[in-house]
Structures are given as structure tokens and as C-alpha cells.
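Let me begin by presenting the structure, written as C-alpha cells, before commenting on it.
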Amino acid sequence: MSNMNIKSLRTEAGLSQQALARLIGVDQATVSRIERGLQAASIGQVKKIAEACGYEVRLVKLRQRKRAA
């Protein structure tokens, strides 16, 4: 999820940065840094952001491929 998508989700949900920060358990400055691309959001933060904005998140389990001998 890109920083622009996060900002779009937040604004479409009618949330301020401060409100989103409270919902996901970070401070407003962290939300601002994520939206501006200065800080990467963890997978857990992305999940919380999406859910706070009204989206369901389904994470895919990744498995490493076996290398050919």
C-alpha cells in the first residue's frame, strides 16, 4: 500500500491524521511521516489503517520455493 493510498483511505473515511493515529495506536506525527513516504508502515500498521478506514484485510502467507539442485 503506497503512502498516497493511505492518505486517500484516510480522507475518504473522513478521518483526520489525529483520529487515525488514535485508532491505530500511534501519534499524529507517525501518520504524517507514513503518508509523506518518510517512514514505512509495518504490515501490522497497514492492517490497522485499512481496518480503521473500513476495509477488511486478508494477508497472504508466503512460502519460499525450493531451489533446483
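Some points to look at:
- Scanning region 18-38 for residues that are closer than 15 Å to ASN5 by Cα and over 11 Å from the mean Cα position of the chain (by Cα) returns SER32, ARG33, ARG36, GLY37, LEU38.
- Scanning region 24-43 for residues that are buried (at least 16 other Cβ atoms within 10 Å of the Cβ) and either out of contact with any helix residue (DSSP H, G or I) (no Cβ under 6 Å at 6 or more places or on another chain) or of a type in the set (A, V, I, L, M, F, W, C) (or both) yields a count of 7.
The numbers here are math on the coordinates, done by the rules we state, and not lab data. Predicted model only: the values in this text are computed from it and were never measured. Using ideal geometry, Cβ is built from the backbone for each residue, glycine included, and neighbour counts are taken over all protein chains shown.
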